[in-house]
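What follows is one structure encoded as structure tokens, with my remarks underneath.
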Amino acid sequence: MAFACIFVPDFPAQAAVRLDTGLHGKPVMIYQGAPPQAKVFAVNSAARAMGVELGMTRLQAEACGAIEWRWRSASQEATAQAALLDCAWTISPKIELGSKREENSLPDTVVLDIAGCEKLFGSLEKIAFDLKRVTADVGLETQVAIAENPDAAICAARGFVGVTVIPEGRESIILGELLLASLAPPAEFLETLHRWGVHTCAEFAALPEIAVIERLGQEGKRWQQRARGGDQRPLLPREFPSEFEECMDLDFPVDLLESLLFVLNRLLDQLCLRLKMHVLAICELKVTLTLQPNDPRGKEPVLHVRTLRLPVPAKESKFLLKLLQLDLQAHPPGAPVTKVHIAAVPARFRTRQLGLFLPLSPEPEALEITLARIEREVGEGRVGVPALVDSHRPGAFQQNRFVLREATAAAGAARKSTIRTALRIFRPPLPVLVELRKKRPVAMIWEGKRKTVLAFAGPFRTKGGWWSESPWARDEWDVLMPALRPKFESPFAMQEKKKEETALYRIYLDLRSSGWFVEGVYD
Amino acid sequence: MYVELHCRSAFSFLEGASLPEDLIAVAAKYAMPAIALLDRDGVYGAPRFHGAAEKCRIRAHMGAEVSVVDLGSQARPPFWQPNQFPERPVRLPLLVKTRTGYQNLCRLITKYKLREKEKGTGAATLEEVSEHADGLVCLTGGEEGILAASLAQEGYEKARQSLEKLVQLFGRRNVYVELQRHFDPLEEQRNQAAVRLAESLQLPLLATNGVRYAHAEHREIQDVFTCIRNHCQLETAGRLLERNDERHLRSPVEMARLFADLPEAIASTTELSAQLEFTLADLGYEFPRYPVPPGETMDSFLKKRAEEGVRARYGPKGDEQLHQKAERQVQRELQLIEKLKLAGYFLIVWDMVRFCREQGILVQGRGSAANSAVCYALGITAVDPVGMELLFERFLSEERDEWPDIDLDLPSGDQREKAIQYVYQRYGERGAAMTANVITYRGRSAAREVGKVLGFDVETLDRLSSLVGQFEFRGAEDNWENYFAHAGFDLHHFLIRKYLELCDRIQDLPRHLGQHSGGMVICQGQLDSVVPLEPATMPERVVVQWDKDDCAEMGIVKVDLLGLGMMAVLEECLELIPRHYGHPIDLAQIPADDTVVYKTLRRADTVGMFQVESRAQMASLPRNAPEKFYDLVVQVAIIRPGPIVGKMMHPYMRRRQGQEAVKYAHPSLEPILKRTLGVPLFQEQLLRMAMVAANFTGGEAEDLRRAMGFKRSEARMKEIEIKLRNGMKRNGIEPLVQEEIITQITSFARYGFPESHAASFALIAYASAYLKCHYLAAFTAALLNNQPMGFYSPATIVKDAQRHGLRVKPIDILQSDWLCTMERTVDRGGNEAPCLRVGLRYVRGLRERAVEAILRERRREAFSGIADLARRVPELLKTELVSLSEAGALNSLGTAVHRRTALWQVERAARPAGPLLDAIPEEPETSPLQKMTNEERLVADFHTSGMTTGPHPMTYCRKNLTAMKIERACDLKQLGDGTFTRVAGCVIARQRPGTAKGFVFLSLEDETGIANIIIHPDLYEKCRLIVNREKFLHVEGVLQNQGTISIKAVRVMPVEITAAETESHDYH
């Protein structure tokens, strides 16, 4: 039995550096949080040497000297971790992702079961160096250790710089010189051991075992065994994925959508088949297209990722393929595709008994295709349902995803509905000139035409957002005046005596820019 | 003409954004003849509103917005609009018409306030409103009102019914339909309905602006307060915030323009204002009468008690002349007391003191009461005002229309509580209450709450809070900008600038109502008809809605029952000394001229002594060199902002040391200033100066002091100055001398310290010094048992006691009690001597309940070991056992047990093996753990108990320090003035007094004593972090040895001594 551990020190900083060659060899710090509350989340060793500490604000950190900085990027970290896993998978299929050091960070260790790998890859030392080299190739500076058991490997990887191979039976001696922090036991154990004057693994290992069990329980015993480098535990391989994935490397780059759809169809068929075996459907589909890099020497993969979130779980590959086709037509990959990866989030089937007397609504699948088509025409993020937000800001709304309202909910909402005047808002508002008398509007000039105000109400004043960089302040008036544009009427109606049309408008004075605008017209 | 009849101030606690004074100032600017304050559920801001209005000759109408539970919930936005409005009962704005109305309002508020379980949640029932409606005028309110609620929820008809209900409750003439216009369409819809309703019910319309702030720009503060109140951020508060900034106080012209279509609504405001006859000047407060035996009046009864007291106080002194003088003074005072009808007040205070004496509670009056011979005779105060020639007028005068102020010092803690409960019992729940303490936004609280509202994270706010408001001194660099910059904020960012600005703007605005530490108000009738009462956070305590200054302003008499830690120490000493030294002690009988005490004081060896232990006191003691009690009175008074700012301290010290001749501005002042060597130090002297030099009466002189106090008015000052000059001119005083006297009076009046107060404190200071010098063990035990108090941490107190030869024994589970106790030991000379045992209360995290269980079991049978302790005292938690082991308190449980052995065993004992193995006898077990090193022991000592009874941390590295040519504190006195020297030690105090122009004073403690360091502001700016953060410092500088030894630092460096968590008393 042999296990290897790869440890990435200052993982978030390295995740940023690896994709940015301009940062190599420089002191780097990573900020997290929205300005002006940004704080140092991670640093590399060079920045640390210059005095930067975690939690510093930008001003404090910048006072430490010229240090390169980047914002924290979760996707970069995830990619780095995926890359780390990829590296591990190059050696062994049995890998375990280490535990998180902090709540909001990703694990920075990975353990590999390398039993039997010697025959394939050479000696343990060679495997360790290979791992270090491979991780260096993806831009990660790592510490690698190999030991007889996973925890000894983790402890050594965290505690020793470079590559460490612990010969069988020498674990306790080699690990003994490490501080207990490298073992990373629970905080309460660490506290107790420090109180006892026990600071290194060797000191912990030397305590009588039964006495330790009496005091720290079985958990204490396990940690002591780890300190001795003798805890034989089975590897906990990565959990059964919460996503189902299918992946296909293409023999040659594909640049035609039709050809790509053929591949996608095969993958979707497979996915749907697998999911069907578990009586599951798909509620989310993530397609990652690896594109042919412009620079053939570039090692970083170029990805084209599309995600489709479905309102109702789907199981039909044909339907999914149609959605994908529409999406890729709207967002075609920028280069020939070399690899296709599809991850599907499973969900249970939709089961719903339709009401006998309820109006028919469109089939969810058909509706989804329609929405996708509209989005393709009007642009991404421009299709949804407007919803009011809790704010005095004029015209404030948010756009929610369009979902078919359940018949019962619709009936409930209808209960309280009353007839209300509707204001049709012009977006953007129409800039106009307004004539005032005694601070009240008397006429409006639009497109060179003067329209007399026949009646008005107002002003209604709103001021807010004073704490933000986009405050608002306006005086609104409701004015009755000749219509700006005539209504469309049938030619027959035109024959009747033409009477000047009036309409009720909402106009407003933007108190910040002193400009007048027509906001909308009342129905 | 227009009168604003619906204003809320910041005393609506987060529902109003301007102080009452600001509202009045704006009303005065608009020439409003009157204005009404209707704060939420109370009259919290009424006295300040009334006071400010009186000054501006505006009539201040009173009232309140009263929450009523049976009238439905306040209107909320329509159902289709997202919002976070909580459900709250509607509020009736009630204006006070008559005194009966005011009393009704106070009683009504008291009723539901005393019922409320959570602050600010109380609401009256309709029945209660009906009971208390007389003398009140009801408005229909704005958006929180009944009309808005009815219209929004159930429409026009319901609104009509609601109005009819109000008419039924208050009468047709006392209900006004209120209209407000804030450019809000919804509000305007409501107004249209209200006008129709008023017409149909024939009710008058009334225009108001529903004012929430004085100026439009205060709207931002209102928004911040709304977020604080609703626990949300500005970004997410949505419709909870103001729609615009129109709820400011508008001018009559603006209001008339706004209601041009409804002029009758504007006219009603003046008509209604004319009907509101009540103001706070007509409060109707009466102090309770003291019950006297039949045939006696309060005056005759007081006279008898005073005469008895004079005999008892002055008889034993054997000074007939003094006795006669005292009798004359008492008669004079009694005549004035009778004239002012204050006998009841004196008797009530006398009664409190008598109760304390009967209960064995140490009590002493202080403050200006100590100027009164009657107070001395009644036993209220302990300083002889006749013998010390104190000025009675400082306490009471005919001219001054206010109650005298008597403060009683009591031992802090349970004893004081007993006295408070006695007052409650005696005057009933509605007859006595504590005064409130209005908690206002200060530096830290402002930074924290505004930060939260703006969405800053807790960690950042913690960092900022730790930088704010640490110093008493506020130099040019101690401003918000610097605090923010040090916390790492980018001041160029818009949001940060806004944050900064808001922090500054909400300073001093009320946050909530707290309870004053000791002020009690008492009333003859029902106190709740004078001011509403509400429950305090402490169970069984009731507070009035006004703070002590407001109560004083309103002429409500208050007695301060103040807790004084040193009184508790003295009281404990009185109990310990007879038990351990074998003889009783009476504080009244301790020798007044003890040479050891004065020698110790002159040496500034005063750690732990009352009032004379601070760094500044220590620095001045050798120069003042007290030899008699009066010197101590001066000493207590001289290290105060008054003498320092008034530049009196140094002339006095120079004259005291014979470096400057004693001279007087005018020969007539000699008798007044003789005792203080020609330098005015006390307020009484200032008063007398005015009396002698300018023929002021006692009352006029006291008026002068007040006029020049904190709230000085230029006009009033000028007036008094002319009066002073005229008086002096009449007495033939030269213009130059006049100038000098006026300068002395005006520069000093603001900060002067009353001599009587100094004398009362000096008495306690002397007693503490006497006990420390002669009964060190008892004094130290009492001092440690009453921590936190005073200037130094327990660690410093223990080290100081050890340096004075006291043996301090460590915490021991078999010997220690909860409190520190005294034991017998044999000193180096083989004599039996008392020593101190540190109590278990000093083990951090150990609960008193667990200690009670330990003591109970220990009395039954001594513990045989740690396992035995854990088994027999199941109340002990594992963390407590660990703390005890770490502190070394379990070392006595077995042979050769050291702290690590104990820690080893405790871990096992705390994990019982279960009942199955209970019967198996414990095998003695040896620990595989190493003994703690000295350093580890130090760390453990400070971690678990905040002190060490072992050697001082500096002892362990003295060899190295000596090699670095670092002097010991005790050796400094042998070095000459101007010597360049080095010292190192543990920082035990950091100070930056307001009067020291930015200088920082550090006290460094080593194993031999304390070295005083002075840091120049420039040096401080350079090494701010080191000075403030490091626990041990190495300082190089020039020794100043002019009676007082200190080192003027030129370099300050951190020094590695120990990782122990030593504590320092900083910037207090």
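The values are calculated or read from the model by the stated rules, or taken from the named source; none is laboratory data. In this text, all values refer to a predicted model and were calculated from it rather than measured experimentally. Every residue, glycine among them, receives a Cβ derived from its backbone with ideal geometry; neighbour counts consider all protein chains shown.
Some points to look at:
- The set of residues in segment B:609-625 being within 14 Å of residue B:1003 (Cβ to Cβ) and not in a helix (DSSP H, G or I) consists of B:613, B:614.
- When residues of segment A:21-38 are limited to those that are out of contact with any helix residue (DSSP H, G or I) (no Cβ under 9 Å at 6 or more places or on another chain) and farther than 30 Å from residue A:469 by Cα, the one farthest from the other protein chains (Cβ to nearest Cβ): A:21
- Test: residue in segment B:937-958 that is surrounded by fewer than 23 Cβ atoms within 10 Å (Cβ to Cβ) and farther than 30 Å from residue B:882 by Cα: yes
- Residues of segment B:663-720 that turn out to be polar (S, T, N, Q) and modelled with pLDDT of 85 or more, as a count: 3
- Residues of segment B:249-287 classified as free of Cβ contacts under 8 Å to residues at least 40 places away in the same chain and within 14 Å of chain A (Cβ to nearest Cβ), total: 4
- Residues that are of a type in the set (D, E, K, R), outside any strand (DSSP E or B) and under 19 Å from residue B:965 (Cβ atoms) within segment B:1012-1068 comprise just one, B:1056.
- Residue satisfying condition, being surrounded by fewer than 17 Cβ atoms within 10 Å (Cβ to Cβ) and not β-branched (Val, Ile, Thr), within set A:205, A:187, A:153: A:187
- Apart from one condition, residue B:496 fits all of (1) closer than 21 Å to residue B:408 by Cα; (2) within 14 Å of chain A (Cβ to nearest Cβ); the exception is (1).
- Every test in (1) buried (at least 16 other Cβ atoms within 10 Å of the Cβ); (2) within 14 Å of chain A (Cβ to nearest Cβ); (3) in contact (Cβ under 8 Å) with a residue 60 or more places away in the chain is passed by residue B:187 save one, and that test is (3).
- Residue within segment B:554-577 that is touching an Asp or Glu at 6+ places or on another chain (Cβ under 6 Å) and of a type in the set (D, E, K, R) present: yes
- Segment A:204-225 - residue that is in contact (Cβ under 8 Å) with a residue 12 or more places away in the chain and either in contact with a Gly (Cβ under 8 Å, 6 or more places away or on another chain) or aromatic (Phe, Trp, Tyr) (or both) and, of those, nearest to the other protein chains (Cβ to nearest Cβ): A:212
- Residue that is surrounded by the most Cβ atoms within 10 Å (Cβ to Cβ) [pool: residues in segment B:654-676 that are more than 21 Å from residue B:733 (Cβ to Cβ) and within 38 Å of the chain's Cα centre (by Cα)]: B:656
- Filtered residue count, segment B:1-30, keeping only those that are in contact with a helix residue (DSSP H, G or I) (Cβ under 8 Å, 6 or more places away or on another chain), surrounded by fewer than 24 Cβ atoms within 10 Å (Cβ to Cβ) and aliphatic (A, V, I, L, M): 4
- Taken over segment A:464-482, residues that are more than 11 Å from every other protein chain (Cβ to nearest Cβ) and surrounded by 18 or more Cβ atoms within 10 Å (Cβ to Cβ) amount to 2.
- If you go through segment B:1031-1044 and keep only what is surrounded by 20 or more Cβ atoms within 10 Å (Cβ to Cβ) and hydrophobic (A, V, I, L, M, F, W, C), you end up with B:1032, B:1033, B:1035, B:1039.
- Residue selected from segment B:668-691 under the condition assigned to a helix (DSSP H, G or I) and of a type in the set (Val, Ile, Thr), by the criterion nearest to residue B:721 (Cα to Cα): B:672
- In segment B:430-459, residue nearest to the chain's Cα centre (by Cα) [restricted to those that are among the aliphatic types (A, V, I, L, M), closer than 14 Å to residue B:484 by Cα and more than 14 Å from chain A (Cβ to nearest Cβ)]: B:446
- Positions within segment A:431-456 being assigned to a strand (DSSP E or B) and under 48 Å from the mean Cα position of the chain (by Cα), in sequence order: A:431, A:432, A:433, A:434, A:446
- When B:219, B:257 are screened for being in a helix (DSSP H, G or I) and touching an Asp or Glu at 6+ places or on another chain (Cβ under 6 Å), only B:219 passes.
- Residues in segment A:39-68 that are touching a residue at least 24 places away in the same chain (Cβ under 8 Å), assigned to a loop (DSSP other than H, G, I, E, B) and within 14 Å of chain B (Cβ to nearest Cβ): 1 in all.
- Selected residue (criterion: nearest to residue B:451 (Cα to Cα)) from residues of segment A:36-69 that are modelled with pLDDT of 85 or more and among the basic types (Lys, Arg): A:39
- Count of residues meeting criterion [of a type in the set (A, V, I, L, M, F, W, C) and either within 12 Å of another protein chain (Cβ to nearest Cβ) or under 23 Å from residue A:219 (Cβ atoms) (or both)] in segment B:888-917: 9
- Residue list for segment B:196-216, restricted to those being buried (at least 17 other Cβ atoms within 10 Å of the Cβ) and either outside any strand (DSSP E or B) or modelled with pLDDT under 95 (or both): B:197, B:198, B:203, B:208, B:209, B:210, B:212, B:214
- Candidate set: segment B:419-457, residues that are under 13 Å from residue B:523 (Cα atoms) and surrounded by fewer than 17 Cβ atoms within 10 Å (Cβ to Cβ); chosen: the one modelled with the lowest pLDDT: B:429
- The lone exception for residue B:672 - which of (1) closer than 23 Å to residue B:593 by Cα; (2) touching a residue at least 12 places away in the same chain (Cβ under 8 Å) it fails: (1)
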